[in-house]
């Protein structure tokens, strides 16, 4: 029984630390980065004042911290604002919706591997909350639940613009889930594994998927197969990243909340902390999306270049804390990718809705399908005879040509319907 | 009006694929980011930026040197070279003031005063700076050239009462203004 | 699976199912179905069928029910809320339930009361013996894990390859049919 209690305590500790101390603070930090980075891009300064007001306590100077306290001030402001519920909303759903957007985003944290296992008092513990064998699928499944929050928010607000926002978001998220799922099939084929922890370990040993430049600790050029697989890996990376943008309703695809058309989109009627929950959900989804990209394509917590076994061995006495360094590396990569998200937001103008749908259904869907074919061909090449390989290649080219032809003809203006 | 049909531009393959434009965009935004971090953004010098972007950081840095001559700040009353209050409390500004920010209590000038022939001057003259919209109509309508919009823009206060400029404060802001038409000076 | 988790998810599922027929508002009903599916996924995961459980959420909860909800919201079914309880559908539904229950009892009473084998190392090792030595599945089974995703893939693509392909073609035909029907253009 004490063993079970210890197990439970460890699990609880991991949940609390990893979710609420590691991931949740990333949300305000990315809001801060968003504001500062966008300001710098636009030749402004951004929030740089909120700090510890030491002058209130009689000191000479305030402590500014580059304005890092700003998100906290924003949070307090949102807490203290009036929580206004419009009169004709459908109350139960209206209250349920914000929670339904945040909770899935935070649940998905539990399969992300944050670092290599750490050993304390001879007890080895993995830095992942739930080490299950269906990692990426779990993330997609739970993340797809956040559609409910947005849809319900749009519908229950009993107002036109939120409703249009909710409808747009539903259609968009369902469309891009398909691209998301299809685009990582080559990756999963390559690793032959759905456990994210194992995927990262594999990358630490054999090179990141997008940077296969070392093999078992030896830096060098990859073998023929890995080198060839780099092509489908890059295609998968592009489709996956762009689909993540669409899935998290981020800038080039933020049509559910596009201000110029829909006021605020699905959260127009929300105020105070309920609005803040939507805001948090959006940023948490962004953090998780970045975490997925980093884990699947950019080596997760691994430092790369054969350094990982060295880092993992680091330790003071009986404590092997290399995992914590790996955690730091993972967070660095994560923040780097979040900065990329922000750069994209302030660079790329918003797409039109039909362009978005066309990109998803006509281009990415087909490209991902062909990519699966290509990846399978490359991975199976050593086991196949030349004839089958040739047939496969010819088939692949034929299918690609057919898809391009279909995409071309679909662009032709539609003839009017028969009356 | 005739309908003008605009031909949409024919896009080439490279333009359709969108990636080149995307990368160009990234280069553009990153150039801006790097330049603004180095304090070398376009116009940073002429706008006296704080070293980050083109923005001047307000309480430490002030805009005063760049203030144009036509700037319309707080309205104020002026005295002339002889130290005479120019206002004769005709109340034209009070009537014209669109947000009704001005309140004047007219008073008579006692007969022993050297300017007794002017007959009137304000006993009280309040401008509620919460209401004032800095339109400058009071300056325009004043027949005595007594009220002017000055360059003061930092009108702050902790209470509503602080925001009402009374006569004393208005003369303090306005000060002495020379070179105005002095129609009351000639002897009669 | 600990039995209290079974009871928890079973309760979620059953109350979701009951709520579907109890609620008047179609959106509430759809959400109750979602709760039911989530409970079902929990039961699957409790039976160590992670893949099936997750796919249950991904496909049914995340895609199919969202589309249902979508349609319901767009239609804005106001009449549904006012509808009086008709006797005929109620009776039909009840008789269906009773029929199904009778069938279930019949089947269950004839099967031997056999509990599932414990998923311990010994059981997994015996299962591994039937598979190719050194393969991914066999290795995982030898390590005492149940690679359910790999096992499902193995079963589908070796034992049931032809039916799977035929199903794929069937779905493709349905998709093409929908597109053809919805895109009738004039010559």
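The values are calculated or read from the model by the stated rules, or taken from the named source; none is laboratory data. On a predicted model such as this, the values are computed, not experimentally measured, just so you know. Here the Cβ positions follow ideal geometry from the backbone for every residue, glycine too, while neighbour counts run over all protein chains shown.
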ask   = Out of curiosity, is residue A:24 more than 27 Å from the chain's Cα centre (by Cα) and outside the structural domain of residue A:250 (by TED's automatic domain parsing)?
value = no
ask   = Which of (1) at pLDDT below 85; (2) in a helix (DSSP H, G or I); (3) more than 13 Å from chain A (Cβ to nearest Cβ) is the odd one out, the single condition residue B:93 does not satisfy?
value = (1)
ask   = Of all residues in segment A:147-169, which are at the interface with another protein chain (Cβ under 8 Å from one of its Cβ atoms) and either surrounded by fewer than 24 Cβ atoms within 10 Å (Cβ to Cβ) or outside any helix (DSSP H, G or I) (or both)?
value = A:163, A:167
ask   = If only one of A:343, A:339, A:331 is surrounded by fewer than 17 Cβ atoms within 10 Å (Cβ to Cβ), in the same structural domain as residue A:300 (by TED's automatic domain parsing), modelled with pLDDT of 85 or more and in contact with a helix residue (DSSP H, G or I) (Cβ under 8 Å, 6 or more places away or on another chain), which one is it?
value = A:339
key: Single match in B:167, B:100 (criterion: assigned by TED's automatic domain parsing to the domain that holds residue B:75, without any contact (Cβ under 8 Å) to a residue 40 or more places away in the chain, in contact with a strand residue (DSSP E or B) (Cβ under 9 Å, 6 or more places away or on another chain) and farther than 21 Å from residue B:71 by Cβ)   = B:100
ask   = Which is modelled with pLDDT of 80 or more and part of a loop (DSSP other than H, G, I, E, B), of B:33, B:2?
value = B:2
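Among the helices (runs of 4 or more DSSP H) confined wholly to segment A:1-109, which include 3 or more residues that are more than 30 Å from residue A:134 (Cβ to Cβ)?
Numbers: elements: A:2-15, A:26-41, A:70-80, A:91-107.
Where helices (runs of 4 or more DSSP H) fall fully within segment A:1-109 and carry at least 3 residues being more than 30 Å from residue A:134 (Cβ to Cβ), they are A:26-41, A:70-80, A:91-107.
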query = Which condition number does residue A:128 fail, the rest of (1) within 14 Å of another protein chain (Cβ to nearest Cβ); (2) surrounded by fewer than 24 Cβ atoms within 10 Å (Cβ to Cβ) being met?
reply = (1)
inquiry  = Please determine whether any residue of segment C:48-69 is more than 12 Å from chain A (Cβ to nearest Cβ) and buried (at least 19 other Cβ atoms within 10 Å of the Cβ).
reply    = no
ask   = Restricting attention to segment A:232-254, does a residue exist that is closer than 19 Å to residue A:105 by Cβ, crowded, with 19+ Cβ neighbours inside 10 Å and within 14 Å of chain C (Cβ to nearest Cβ)?
value = yes
query = Which of the residues that make up segment C:146-167 are farther than 18 Å from residue C:54 by Cα and assigned to a loop (DSSP other than H, G, I, E, B)?
reply = C:160
key: Residues that are within 24 Å of residue A:339 (Cβ to Cβ) and either surrounded by fewer than 17 Cβ atoms within 10 Å (Cβ to Cβ) or touching a helix residue (DSSP H, G or I) at 6+ places or on another chain (Cβ under 7 Å) (or both), drawn from segment B:36-56   = B:36, B:37, B:38, B:39, B:40, B:41, B:42, B:51, B:52, B:53
Unmet criterion (only one of (1) modelled with pLDDT of 75 or more; (2) within 11 Å of chain A (Cβ to nearest Cβ); (3) over 22 Å from the mean Cα position of the chain (by Cα)) for residue C:158 = (2)
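Just checking, which of C:58, C:5 is within 24 Å of residue C:119 (Cα to Cα) and part of a helix (DSSP H, G or I)? Working first, answer last.
Values: C:58 fails: within 24 Å of residue C:119 (Cα to Cα).
None of the others qualify; the one that does is C:5.
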remark   = Filtering segment C:120-142 down to residues that are within 24 Å of residue C:158 (Cα to Cα) and not in a helix (DSSP H, G or I) yields C:130, C:131, C:132, C:133, C:134, C:135
task = Could you grab me the full set of residues in segment A:170-192 that are crowded, with 21+ Cβ neighbours inside 10 Å and outside any helix (DSSP H, G or I)?
result = A:184
